[in-house]
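The values are calculated or read from the model by the stated rules, or taken from the named source; none is laboratory data. Since this is a predicted model, take the numbers as computed values, not measurements. In this analysis, Cβ positions are derived from the backbone assuming ideal geometry, glycine residues included, and neighbour counts consider all displayed protein chains.
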Amino acid sequence: MIRFFFPLFVLLIAAFPGHSQLSRLHIVTIPNNQQMGFPIRFTINGHSFKLKNGQCLEWQVQSDSVHIIMDDRRWVDIASGDLHLKAEADIYIRVFWGWKENEKKRIRLLGEAVCKSCFDEYKAKCKKELTE
């Protein structure tokens, strides 16, 4: 009986590994934001960050998904654009003040996933790079 169930148990464990993956997040804020003097506050999977305009952040997270929640609601009267992404090896993100996809032109804090070439273009404008 054990000869039958033990190999079956081992095969089931091998077939369904944990989906937790190490992701490298590359985050950029651009210096020509709409709200120049205000830092951008957000959380990534529960860890708080505060970046000034023109700063870049590289951070690693071990998870099956990445949740970037925009916390800064000082000047925002509508919901901000939070990001919920599937974990990948490298994720490139731009966070900024703007009015994208907003018909009333109300400014809000946004985050968007960008391609590597777009990220490199934004990163060239970075004044300071942070790693954690």
Could you please tell me which pairs satisfy a Cβ distance under 8 Å, a separation of 6+ or placement on different chains, a first residue in region 37-56 that is closer than 16 Å to His67 by Cβ and free of Cβ contacts under 8 Å to residues at least 24 places away in the same chain, and a second residue that is small (Gly, Ala, Ser) and surrounded by fewer than 20 Cβ atoms within 10 Å (Cβ to Cβ)? Asn45/Ser63
Would you call Ile107 surrounded by 15 or more Cβ atoms within 10 Å (Cβ to Cβ) and at pLDDT 85 or above? no
Within region 62-89, considering residues that are part of a loop (DSSP other than H, G, I, E, B) and at pLDDT 80 or above, the one surrounded by the fewest Cβ atoms within 10 Å (Cβ to Cβ): Ala89
